Amino acid sequence: MASTSRFDDFVSCPYNKAHIVLRGRLTKHLVRCSRNPENLNKLLVCPFNESHRFDAQQLQAHIKICPERAGLERHAQKEEQPLVAEPVSQVSIECEEDWDNEPDAPTYDPSAYCEENLVIRSSGLHGQSKSVRRDFRAKERRRFAEKQ
Ligand SMILES: [Zn+2]
Ligand SMILES: [Zn+2]
C-alpha cells in the first residue's frame with residue numbers, strides 16, 4: 001500500500017529514528033527534540049546547517065562532505081574579494097608621515113588624520129589620569145582621616 005515515494009519529503013529525526021518529520025519542519029522539530037532531557041548534548045550541530053546533527057565522530061566525517069559547506073565557502077570567497085583590493089595598511093603609513101612632516105602647520109588637525117592614533121593616545125592619558133585621580137583621592141582621604 002504505502003509506496004516509498006510517498007515518504008520522499010519525510011526525513012527521520014537524528015535523535016530518534018522513530019520520529020518521521022516533514023523535511024521542511026525538521027529544523028523546528030530538532031530544536032524541540034534537542035530540548036528533550038535525554039537528547040541534551042547527545043548530538044552536535046553541523047556548523048553549516050543547524051538541521052544537520054550527528055554524534056561527535058559522525059560530525060567530523062560530515063563536515064568534510066557537508067553540501068552546505070561548499071556553498072558557504074563559495075559565498076565567503078566572493079565577500080572577501082573587495083577587502084583584498086582595499087589598501088588597508090597604507091592608512092597608518094600615511095598617518096605617520098603627516099604627523100612628522102607637518103607638525104607646525106597651524107591648520108593641521110591631527111584628529112582628522114590620526115583619529116586612530118589619537119584614540120590610543122587619549123585613552124592612554126585617560127587611563128593614566130584616572131589612576132592619578134584615584135591616587136589623589138586616596139591621599140586626600142588619608143589626610144582627612146589623619147586630621148580627625
Ligand atoms: Zn525527534
Ligand atoms: Zn552539514
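The values are calculated or read from the model by the stated rules, or taken from the named source; none is laboratory data. Small disclaimer: the values here were computed from a predicted structure and weren't measured. Please note: Cβ atoms are built from the backbone with ideal geometry, for glycine as well, and neighbour counts cover all protein chains shown.
Across the stretch 3-15, the number of residues qualifying as within 11 Å of ligand 1 (Cβ to nearest atom) and loosely packed, with under 14 Cβ neighbours inside 10 Å comes to 1.
Here's the yes/no breakdown for (1) surrounded by 10 or more Cβ atoms within 10 Å (Cβ to Cβ); (2) in contact with a helix residue (DSSP H, G or I) (Cβ under 7 Å, 6 or more places away or on another chain); (3) in the same structural domain as R25 (by TED's automatic domain parsing):
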{"position": "V45", "(1), (2), (3)": "yes, no, yes"}
{"position": "N49", "(1), (2), (3)": "yes, yes, yes"}
{"position": "H52", "(1), (2), (3)": "yes, yes, yes"}
{"position": "A56", "(1), (2), (3)": "no, no, yes"}
{"position": "A61", "(1), (2), (3)": "yes, no, yes"}
{"position": "C66", "(1), (2), (3)": "yes, no, yes"}
{"position": "H75", "(1), (2), (3)": "yes, no, no"}
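Number of residues in the stretch 17-52 that are in contact with a Pro (Cβ under 8 Å, 6 or more places away or on another chain) and near ligand 1 (Cβ under 10 Å from one of its atoms): the value is 1.
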